[in-house]
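Below you'll find the structure, written out as structure tokens, and then a few comments.
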Amino acid sequence: MKIAPSILSADFCDLKHDIAVVEQAGVTYLHVDIMDGHFVPNITFGPSVVANIRKNTNLTLDCHLMIDDPERYVEDFARAGGDILTVHVESTKHIYRVLQLIHTAGAKAGIVLNPGTPLTAIEPVLPMVDQVLIMTVNPGFGGQTFIPNMVNKIQKLNTMKTAGHYDFDIEVDGGITEETLVPCRQAGANVFVAGSFIYSAKEPQKQIELLRHAAEK
């Protein structure tokens, strides 16, 4: 089980500090939301910011590419230090090729589904992914409310994973708290992205502990 703090909710003027805070809490993942203003209505980081983050931490950089035509930028983000590059199936006409490019660039390959996209859209490429991210909110902004019926989607994905003898992580992102984490964990998720729940609190480390305790129930 992994907690992946999302720096989308961190202080962009003091990222080094906010990364160190969660690092001291013992997390091993850092979730980096890359947005281009086209695929989602928000703009965040580019490869240069990822490269600077890489210089300041040894955490696994879980880069969530919410961008159109991600095949154009895979090599740049891998070179910048992204350990996992996760792309939306909705963002490209050539998802198989994109996943190949990610592996060729030396990173782990992940695939993402928006809330309204069925699991059948990714079934053909499940044998080649290291991670599947189920969005439990609409992508683009932090602080949104968890969509409860995504739990059924997680459970169905976990059934597909078991039936196919696949070895990918199941990640969830959006509205994750100590309460919403529990049904996701029970459904089969093992990587939990949390942004505002962690960084909007006065003591982010205590929030991480709350998530850990919830996952252990």
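Please treat every number below as a calculation from the coordinates, not as lab data. Nothing here was measured: the structure is a model prediction, and the numbers come from that model. Don't worry about glycine lacking a Cβ; one is built from the backbone with ideal geometry, like all the others, and counts go over all protein chains shown.
Assess whether Ala20 counts as being over 16 Å from the mean Cα position of the chain (by Cα) and under 21 Å from Thr86 (Cα atoms).
no
Residue-wise test of (1) in contact (Cβ under 8 Å) with a residue 40 or more places away in the chain; (2) more than 20 Å from Gly37 (Cα to Cα); (3) crowded, with 16+ Cβ neighbours inside 10 Å.
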site	(1), (2), (3)
Tyr73	no, no, yes
His88	yes, no, yes
Ser91	yes, no, yes
Val112	yes, no, yes
Thr120	no, yes, no
Glu123	no, yes, no
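Return yes or no: is Val129 in contact (Cβ under 8 Å) with a residue 24 or more places away in the chain and under 28 Å from Val182 (Cα atoms)?
Yes.
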